[in-house]
Each structure stands twice: as structure tokens, then as C-alpha cells.
Amino acid sequence: MSDTINWEALSEVEKLKYESNYLRGTLVESLADPITGAIAPGDTQISKFHGIYQQFDRDLDKERKRQKLEPAYSFLIRVRMPGGVATTQQWLQMDTLSDKYANGTLKVTTRQTFQLHGVLKKNLKTTMKGINKALLDTIATCGDVNRNVMCHPNPAESSLYKEIVELAGKISEHLLPKTKAYHEIWLDKKLVDSSKIEVEPLYKDRYLPRKFKLGIALPPYNDVDIFSQDLGFIAIVEKSKIVGYNVAVGGGLGSTFAMPEAYPRLADVIGFCESNQVVDVAEKVVAVQRDHGDRKNRKQARLKYTIDRLGLEKFKDELHNYLGHNLEAPKKFSFSRNGDRLGWKQGADGKWSLTLFVEGGRVRDKDKFKLKTALKEIAELIDGQFILTANQNVIVANLSDIDKKVVNERLKANRVAPGKISGLRKNSIACVALNTCPLAFAEAERYLPTLVSKIETVLEEYNLTKEEIVIRMTGCPNGCGRPYLAEIGFVGKSIGHYNLYLGGSFNGDRLNTLYKETLTEEQILNELKPIIADYAKNKKTKEHFGDFVIRKAYVKAILKGSDFRH
Amino acid sequence: MSAMYNPLNENQQLALEELTKELSNEGVLWVSGYFQGLLVKEQPSKANQEATLKNAGLTILYGTHTGHSQKIAAQLADATAELGIKSNMGSMEDYKTKQLAKEENLAVIVSTHGEGEPPDMAEDFYTFITGKRVPKLPNLNYAVLALGDKSYKLFCQTGIDVDHALNKSGANELLPVATADVDYEDIAENWIKSVLEKLLAKSGNGQAQTNVNAIKAKLSAKKNYSRKNPFYAEILEKVKITGRDSGKEVYHVELSLEDSGITYQPGDSVGILANNPPNLVESILQKTGFDPGEKILFKNEEVNIQEALSNHVEITVLTREVIKKYIEEIDSQELKSLLEDDEKLESYLYGHDILDLLTDHPHEWQPEKFFQLLRALPPRLYSISSSQEAVEDEVHITVSVVKYQNKGRERQGACSTFLSEQSEMGDKIPIYIDHNPSFKLPEKEDTPIIMVGAGTGVAPYRAFLQQRESGNLKGKSWLVFGDRSFYSDFLYQVEWQKLLKKGYLEKMDVAFSRDQKKKVYVQHKLKENQEELYNWLENGASFYLCGDMKYMAKDVNKTLLEIIQAQGGISEEKAKEYIKKLKKEKRFQVDVY
């Protein structure tokens, strides 16, 4: 095959993948190199497929350069947890690993999984083994493959939860890379002779052109932001039963400043399939993208661009070809919100779930506020589950009345009893950004709480504290914190400066629109104040902030991703 | 050739014999003229005088580790030449002991190391002269200058032993053995002067005294920058190169040598004449109640007490000598018992300074007496971490700051504090180059090198590799570095990475002792790589060791011995010989402190 590939024309990563011997690269040698805390440049691409990102502490960058020391390299490890479900044992193990080998915190990501930050190279393997010991793994949580499969997280909200979370697991399993590289490198499994069988029947030898994201929504909840996924399945419920799923394709939020051809795009609902067809549909969408995605330019490689390039109808035709049958016409559904409903909820089976707000998704002890300790103690005491939500929150789920009491006690004892949180803060998301994300132009997780407090002061003035408003901040335009689906969105331009986007919908079915560019904090507050004042005075009953700013023409609604501008 | 001693090595001797075997008389005459011509060209004054003088010749032998003895020997040789005395100078290592019986005048300059040990290169001579095979030497006149360090118990022991041995074998003492501490210059000059006087007196030269005085003045006035005549070098860069989490403070310092004409080689050191920490000076003033403005005489120089304490005497460390002198003034049973028990003394000296002594054993000191206790503030030597080939008129050093708590008081090393806290970029500080001939890159420049260094012991290897990179000499270099933690103590990490990438460094192993439960040190890395290490040595590699003397050097030496035994399949005895041979061939060089 290599003879026929013109590598010059392709993105560098294509060759790396092809030559990596199914994701082995030179990782073993890189790990053994004692002179650097980094891995070889090529391996930084390959390691992603194993759930590992190389990063360095950007706060120390200049200082260490002067000290003739290499950057303070460390690694981010992202776990694979379809639907975000962890047992109490798994929670405890991650808690232990975070203290022992990472920076002492657990990050709950916007794709419902754990991230460990700050793992040194020398501890990578031990940490990976520790994760696998808890029957979790990290395969394909990054890289050009299908990533962690998302799904609505709350068992107490619906008795149908069980069915969708099982489906999430099935899809995740089905779309996993089949190479044994992971097991050899991290778990010391022996190499088996696989020369006779095809190593990657689905992904082939170059995997996908780019990452691929997949989620399952259970209306009316759109907490997984189904329109941001490359592939979304929307459960269609009739008479309290899931009769099948609408198929949505081509979502994706990554974009680039000053490059209008790289834009966020919402998924199109293209049809309906039965429950038992979902896995096959997922496989075939992946296959179409594998064969038709752009392998020359990684900034044009996501499925959303493939679809816009082919045209939606042509894409559908191709998918139908791959499937061997046509999808049915989509069915009606409606979403009410894309945020989480915080607090206790009792399911039809009598079991309790608590959706606990975790600011910025960062589970840690801060001063007297001992969230991490509380959750650890809870994990030690209860019989239940921990489910991570797409809004970076944690659900302590499937609890008896007694366990519910235990949870409340432990939260109180560690001063994390759910207090009064504003409607704005409840609906906030921030990506990691500085100091570890190499892409960030500005702060996000470390800054958003402060900014929210300042906006809260304004809201208080207008008696809007309880009003639920979706606010999201990312340190760069790549979209991890899904800022383009927020009613108030911020994207970092440079240290202390943000673009402000307004007009996303409360249920996540409309992109927001750039309102003002490169604002300082003071400017942000000055821009928001009059709009909030107007909202307080002129909002219709139950009118959400995002809808209001469109109606009042603060911004024009974006109807098509390619119309989006930074 | 010389009847004194044969300076030719075996090969040269053979070559000469080969050449002369078949020469006609005419040929011999021509060759002798040829050689004479060479000599005249190189050293006209010496050669001319040699022909006309009938004085008894002088043989000058030195045994050195850091090069001081060699330097003094060279000064003596120069001075004899000025006076028209024939001399031969050589290292103890190259000296054929059989020659000794034929000598008339012998000057020995030898240093002492560690616990009274001779320098490596002097070991054989020392064993011979103090042994039973030494012949009777009734016709020999001799003088010994012993160099040492008073902070060690057996001060100048090697020189004293050599003096004693010569005396025992019936040789005539020209002057009593002279012993010099680390500030040896004055004593060395006087010793040279005395030796010359004695020699001239023996030869009945009337002008002796005037000549000698003139030469002495010349010696002192030599315009070379030295400890006594330092160059004030501007600090161009001073940066802490240990990371935030490090328990250590190591500075990379770049100094300007612009317009000084100073040159150095990789392996040399920079001597810095530092001030004492101001806090300590202040505390001593308070403790003693001295008037800081009062003038005292220190080493024949009138200075006020404040200045003497700051610039002239050593106060940050305690030595055996200080304790000895202390009890001459005050009657303390406790201090006396210290002097009788080495272990107790060691543990008292460790981490204590003059202020502790004043506190623990109070006494109403008179300034003059007090300053007699103390020795002159010695310069601090730092291995140079740059090559002039690469940095031209700069010199770089790597300084570990000595700072610790003891008895509720922060203790600071004199020089490291001077550099880290009292000096800023742009300041000019007094320095000189301390040449170290026994820590040098191989003469044959593509000889493989194995460099072992812990902590700031890695400094000279930065210089070595800069030199090799400047000469575009790739490969055949292996660095073994050790420190506490990879993350914060990997000194010059980025530079090694680049050298590895470019191929100027072929192989690097690292040992970070505190990064895992079990402590890992450089010797463990040597052991891990023992087969390869042995192969390198067998292929002619030179082995360098730099850093801490007390633990690292000992452990590395032990490990190296074990490796040679195991890999060579030889006995411990043979392995020791192997190492000895390496040292003889200058393929095992050590710079430890």
C-alpha cells in the first residue's frame, strides 16, 4: 500500500500512524530514555491513541528555560468510561492514583471521564497498570479513533437509562482499535503472532483522518450536547419504550481563529434506525469517514467537513451504500436543556441519585472545602455508582435511603453540602487550559469561577441569581468546553482577553454568535451589564437568555456552521 | 647526555641507541651540533650559561595532584637558570629511582592528600624512598618543600616523610623541611630563595645574595594574574539552574575575561577570593566585642578588624589547627579531649564555625591573639565548566551554594554566599585561574573518554564537551551523571540533550538518588554497564572522576575495581595494578573535593 501513497501530500500524522506498527511507534524506547521526561516527537502522536497526552507546565516554561532544564514535562491520562460510569472501587482507585502519581486532583471531563494530570514519564506505566487493575482502560480516549462514548447519565431520571448506557458500552467496545499494542506496552502482555489476521478490520492501517466523537441522548435531556458529536443517537421513546434512535451526523466544535474554513458545526439529523441497528450504523458512519475524510489537512478532516464537502445527501447515499439499506425518516423529539439537573432525585425503582456540582470538573480538596475527601469517604461507605456527566459534574447514583443519609453526612462533614449556587454557576463549564494544555491562549478553569462571581453580582442586582444561564469558557477555539453551545460563551484570545459569544440556546440546538472580540474582564462586565439589565426588564416568561439576545437582536442567530465567524 | 638523570623515556632511549649504533664519527659530530642548535634556539640563555658554568647541578622533583608543586618546581627551575645553575626538573612519576645515588643536589616539592597520602603520581617514589631498598646517599644535598592543608590531621605528611627518609639514608639537609598550608605562596618563595642561597654558597659564588634577592623580587613581580594578584572579572550571567523543587541551590555563573589575556584549559579551576558572609562577621564582632575600626597587623599588613574579618581570615569553617591554637590560650579539658579523639573532633568540626567555638568556649580575646588563631582566607576553587574554544573570553563555573541550619543559625559557605547573595550581574569579582595538569582531556584527542560526575562534579565535562564540539569531534564520549532528582537537579540537562542529539556525546547514563525508594548513585550505573565500561577501557578510554571525595569517589573507585576484576576475570591484586597502570598512563584522572 505504501507504494501507492503520496506521503508528501498527506498530513505528517498519516505517515506516523502508518509506520507506527499499529500504534507501537517507539513508545517502549521513549519510556526507557532516562535523559528526558518527554517521549519522542512521533510518539506524542501515537501515545494519544493510548489515552496519553504529553504536556508541560507552562507556568514554569520561561523559568526552566533559563535554568537550562527541559520543560517540566508530564502527561495527561484520559480514561475510557462509556457513559461515565464508575464503580465505587474504580473511584477509589482513581482517587489513589491521583494522589500517588498525578497532581492530587481528578478532572471530570466534558466527555464524561476522568483525567489525571501531571503524571511523570517514569510513573506512566505504573499508573496505567493501576487504572487497568480497576478494570478500566484508556484505549482510544484520544487520537484519530472513536473517543469515549457519551450518554445521558442519570439512572434516577428514567428507567430507560439502563438500556442506553448498555448501548454506549456496546458501541465503545465495537469501535475500539483491535491492536494489542496497548497491552504489550502498558500491561506487559506478550506479543502474539497476528500476521495472519487483519489487525484493524475497521480502522485499517492509518486509522481515521481525525478524532471521532459519539454520544447518545435521552430526550428531553440534551446533557451530552448531541449536536456537537460527530455521530449522535437520539433515543426515540414511545409508550415508555425506546423504539429506536434518530441518527445525527456531522457535529463538531473545533475551529480556528482567522480561518473561516475551520468552523463549529451542529450535527444534522439524517434518519432513524432501530435499536439493534445502532452498532452497525455507528460502524458504517466511521467507515465512510475513514474512506472519505480529508487526510491532507487535519483542520479539514473531521466528519463535519467531509459532509459539507460531499453534501449531506451524497453523504447519506454513501452511508446507505455502506449499510446496504436506507435509514428510515427521523422521528420527532424535543430537548429541554443541555445542562444537568442538580440535587437529589429518586428513580422509579426507589433508588436515589445525587447530581453534585463540581466547579470546572475539578475534584479536589481546597482549604476547608474537601470535595475529594468527601467523595472518597462516600465511595468507601456506599453501595452505588459514580457517574460523570458531560457538564463536568458527578452523580452519586443508585443509592438506598441509608446510603443517601451517608452521602449527606459525608458531604456536610467535609463542608461540601450543596449550598446555594447561582443558576449561572450551575450551568458553567471550563476546559483545563493553562497551565498544562499546550493549546491554550488564556486561562479557563482557573479563571471562570472568578468571572462568574463578578457576573453574579450583576445578576443579583437584577434579581436574576436563580435564572439558569449556560456559561462556558475555553482557553482556545478548539472547543473542548463546548463554548459555542453556550448562552454566554468565552474563548481565550490571549492572556486576560476573551472573545464573547452570545445567543446559544438553553437546550443546545443553536450555535452562538460572536458579540465582541478580545475583551478584558472589565470590558466583559461592561458589555454584559446593559444586556442583563435589559433581560431583567424585558424578558418574556420563561424566556432564556440565549433566546432573548436573539429576539432583541444583540446578535443574529447562526443557522449554518460555515456562517460562524470568530 | 646528562649524567644527572636521563630524561628520555624508554622509546626515545631505544630510538637514540638505534640512531647512534651505526653513526660514523662525522655523523655523531653533526648530530651533536644539531641538538645543540635546537637547544640554543629554544633556551638561548640557559644553554649559553650551561656551557660556561661549573656549578653543581640541581635536580628538582615534584609530586603533585592539582599542579601547585609543579608550578613551584618550574619557578625554582627558572630561578636556577637565571643564576646559571644547571637544573633538571621532572615529576616523581617519571623519575628513575636508580638515578638517586648519582645526584648531588635534590629539591623535592610534594603535596599531601586526604589522610596523609601522597599524590597518585608520587606513590612509587614515596614507597621507594621510605622503603628498605633506598641506598645510602652520603653525597646528596637536599631540601624538601611540603604542601598541605591544615584542616587535615596529617598536615604535610608526605613531604615530612620524604624529608625524614632522605635524612635517614645519610643525605645532607640543605634546609629544614618547609611546610606550607593552602596559602603557600610566601613560604614557597622563601623556600626557593633559601635553596638558591644554599646552592650558591656551596659553589662559592660571591654574588649570591644580591642575585637571589633580585630573583625573588622578579618572582613576586611576575605580572601573571594569580591568587596574590587576582583579575577582577565581571559577572556576565548568574542563574540558578536547579528547579523550584530542588533542595539545592546551584548557580551557573559566567565571568568575563575580556582584556585579561587569561587563558585556561578544560579541567582547570577558577579561584575566587571571596568575602566572608556579613552576618557572620557581624556576629563575631558582637561576640568578641572587638572594635571594628581598630587596626591590627595581619600577615604584616595593617588592616582594621572589620576588614580583616571580612576579607582576610577564614571564619566559616573550623580546623584542627584552630582548636590546637585555641587551647594554647584557654585551658579547656573539653577541647583537649577533642584533640585526642579523631571521631569526636571530626563531628565537632563538621558544620561548625569560629562563632560556635567562641560561643561554646568563651574567652576574652585580645584582637592580636585572636587573629593569630585564624588562617588566611583561602580562595575557593571551582572547576571550570566552559571551554575557551567555545566561549572565548569568558569563563563559566558551576557553584553549589552551601547553606544549612545548625543550632538554630543559618550557616553559609563563604564563597557560594558571596556569589549567590552578595554579587550581582555586572559586579567585578577577584579571580585567578588555577591550572590543573592532572585533569585534562587526552593528548590524543580522539581517545574515548568516560566522564563520571556527581552534582557540580559534572562541570568540567561541560568544558570537555564544549572543547570537543568546537573541534567537531564526535562520539567516543560517555557521561555518567548523578544528583538528587531528575526533575530539578539535572544540571545542564538541555545541553546534554543537544550534545547527544548532535553526536558529540555518545552515551549518557543518569542516577537520581531520590527519585525512587532505593537510592541510585553513579556507581550503580557503572555497574549496570560494566561490560561496556570494561570494553571502553580495553579500547583505550580515559576515565575521569569529578565531584564529592568522601562518598562518591570512594564508591566509584571500589566499583571500578570490582568491575575490572569481574570483567577481566582477574584477582583484586591484578585489578589494582590495572587501575594503577591507568593512572600511570594518565587514563584515570580524578578531581575530587
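The values are calculated or read from the model by the stated rules, or taken from the named source; none is laboratory data. On a predicted model such as this, the values are computed, not experimentally measured, just so you know. No Cβ is skipped: glycine too gets one built from the backbone with ideal geometry, and neighbour counts run over all protein chains shown.
Summary of computed values
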item: Given (1) crowded, with 17+ Cβ neighbours inside 10 Å; (2) assigned to a loop (DSSP other than H, G, I, E, B), number of the condition A:Phe272 does not satisfy; result: (2)
item: Qualifying residue in segment B:416-423 (condition: in contact with a Ser or Thr (Cβ under 9 Å, 6 or more places away or on another chain) and surrounded by fewer than 19 Cβ atoms within 10 Å (Cβ to Cβ)); result: no
item: Helices (runs of 4 or more DSSP H) lying entirely in segment A:6-124 (those with 2 or more residues that are within 14 Å of chain B (Cβ to nearest Cβ) and closer than 28 Å to A:Arg364 by Cβ); result: A:61-66
item: Some residue of segment B:451-461 being closer than 22 Å to B:Ser269 by Cα and either among the charged types (D, E, K, R) or over 23 Å from the mean Cα position of the chain (by Cα) (or both); result: no
item: For B:Phe543: the one exception among (1) part of a helix (DSSP H, G or I); (2) over 28 Å from B:Ser246 (Cα atoms); (3) of a type in the set (A, V, I, L, M, F, W, C); result: (1)
item: Matching residues in segment B:445-478 - criterion: being within 14 Å of chain A (Cβ to nearest Cβ) and more than 21 Å from B:Glu532 (Cβ to Cβ); result: B:Thr456, B:Ala459, B:Arg462, B:Gln466
item: Wholly within segment B:1-112, helices (runs of 4 or more DSSP H) carrying at least 1 residues that are modelled with pLDDT of 85 or more and at negative phi; result: B:68-83
item: Segments classed as strands (runs of 3 or more DSSP E), wholly inside segment A:314-407, with at least 1 members that are within 23 Å of A:Cys431 (Cα to Cα) and among the hydrophobic types (A, V, I, L, M, F, W, C); result: A:352-356, A:385-388, A:394-399
item: Filter result for B:Leu255 (aliphatic (A, V, I, L, M) and closer than 30 Å to B:Glu364 by Cβ); result: no
item: Out of A:Leu511, A:Leu528, A:Leu485, sole residue that is over 19 Å from the mean Cα position of the chain (by Cα), surrounded by 16 or more Cβ atoms within 10 Å (Cβ to Cβ) and of a type in the set (A, V, I, L, M, F, W, C); result: A:Leu528
item: Checklist (1) touching a residue at least 60 places away in the same chain (Cβ under 8 Å); (2) on the phi > 0 side of the Ramachandran plot applied to B:Thr417, failing item; result: (2)
item: Selected residue (only one of A:Arg415, A:Arg425 is under 25 Å from A:Glu443 (Cβ atoms) and touching a residue at least 12 places away in the same chain (Cβ under 8 Å)); result: A:Arg425
item: Some residue of segment B:159-174 being buried (at least 16 other Cβ atoms within 10 Å of the Cβ), assigned to a loop (DSSP other than H, G, I, E, B) and either modelled with pLDDT under 90 or not small (Gly, Ala, Ser) (or both); result: yes
item: Subset of segment B:479-521 [more than 14 Å from B:Ala454 (Cα to Cα), away from chain A (no Cβ under 13 Å) and buried (at least 19 other Cβ atoms within 10 Å of the Cβ)]; result: B:Tyr504
item: Within segment B:231-248, considering residues that are part of a loop (DSSP other than H, G, I, E, B) and buried (at least 17 other Cβ atoms within 10 Å of the Cβ), the one farthest from the other protein chains (Cβ to nearest Cβ); result: B:Lys248
item: Single match in B:Lys336, B:Lys287, B:Lys248, B:Lys325 (criterion: among the basic types (Lys, Arg) and under 30 Å from B:Leu441 (Cα atoms)); result: B:Lys248
item: Residue within segment A:171-182 that is on the phi > 0 side of the Ramachandran plot and either assigned to a helix (DSSP H, G or I) or crowded, with 23+ Cβ neighbours inside 10 Å (or both) present; result: no
item: Strands (runs of 3 or more DSSP E) lying entirely in segment A:447-518 (those with 3 or more residues that are within 25 Å of A:Asn538 (Cβ to Cβ)); result: A:488-494, A:497-502
item: Residues satisfying the stated conditions in segment B:260-290, i.e. free of Cβ contacts under 8 Å to residues at least 24 places away in the same chain and acidic (Asp, Glu); result: B:Glu282
item: Some residue of segment A:437-444 being modelled with pLDDT of 95 or more, crowded, with 24+ Cβ neighbours inside 10 Å and more than 20 Å from A:Phe548 (Cα to Cα); result: yes
item: Members of segment B:522-545 found to be among the acidic types (Asp, Glu) and within 14 Å of another protein chain (Cβ to nearest Cβ), listed by number; result: B:Glu528
item: Looking only at segment B:546-593, and only at residues there that are on the phi > 0 side of the Ramachandran plot and either part of a helix (DSSP H, G or I) or small (Gly, Ala, Ser) (or both), the one that is surrounded by the fewest Cβ atoms within 10 Å (Cβ to Cβ); result: B:Gly569
